Amino acid sequence: MEPDDAFEIRRLESGDTRLLRDMLTMMGEVFDEPATYTAAQPDDAYLDGLLGGRQFIAIIATAGGRVVGGLAAYELQKFEQARSEIYIYDLAVDAAHRRLGIATGLIDRLRGVARERGAWVISVQADPPDAPAVALYTKLGVREEVLHFDIGVG
């Protein structure tokens, strides 16, 4: 295992498309879905637009020049009050770099972004069979029992 200071956490910005692609590759490997994350990636202009906009937030952890952790989140502007919330869409840490505080570090960096933007909450979904994710999110937040539905558009 590496010491906690062996990795660096940073938010991606416009111009960081290569690092975003590296994050996508790492997520495809971690989730065992490489085609989902790499086969039909958008072009650089699209990804740079995401990174330069307000809605999408990407945060990575690097070690030895490699992306070993990543978080993708979206800021949702609310309509009932002048505030926003942040939704963590994906969070992954390379298997060889787990249990080093990387996931917590990624979420802590997102907390800073949320505070800067005046967001009132960060939410995330975890699948019950994913015990490590459930344990992490239970440690960091309040658990709510909800149902999730995918509604087709076709």
Breaking point among (1) over 18 Å from M27 (Cβ atoms); (2) in a loop (DSSP other than H, G, I, E, B); (3) touching a Phe, Trp or Tyr at 6+ places or on another chain (Cβ under 7 Å), for S123: (2)
Output for region 1-58, where each listed residue is touching a residue at least 60 places away in the same chain (Cβ under 8 Å) and of a type in the set (D, E): E2, D4, E29
Test: residue in region 75-88 that is surrounded by 14 or more Cβ atoms within 10 Å (Cβ to Cβ), under 19 Å from I122 (Cβ atoms) and among the polar types (S, T, N, Q): yes
Candidates A82, A103, A73, A96 - the one that is under 10 Å from the mean Cα position of the chain (by Cα) and either without any contact (Cβ under 8 Å) to a residue 40 or more places away in the chain or farther than 18 Å from Y137 by Cβ (or both): A103
Filtered residues of region 8-32 (kept if of a type outside the set (G, A, S), in a loop (DSSP other than H, G, I, E, B) and surrounded by fewer than 16 Cβ atoms within 10 Å (Cβ to Cβ)): E13, F31, D32
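Looking at region 49-99, which of its residues are of a type in the set (S, T, N, Q) and assigned to a strand (DSSP E or B)?
Listed by number, the residues that qualify are T62, Q77, S84.
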Enumeration of residues in region 43-68 that are among the small types (G, A, S), farther than 17 Å from E29 by Cα and surrounded by 11 or more Cβ atoms within 10 Å (Cβ to Cβ): G49, G52, G53, A58
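Bear in mind that the values in this text are calculations on the coordinates, not laboratory data. Bear in mind that the values here come from a model prediction, so they are computed numbers and not experimental data. Because the Cβ atoms are built from the backbone with ideal geometry, glycine has one as well, and the counts that use them run over all protein chains shown.
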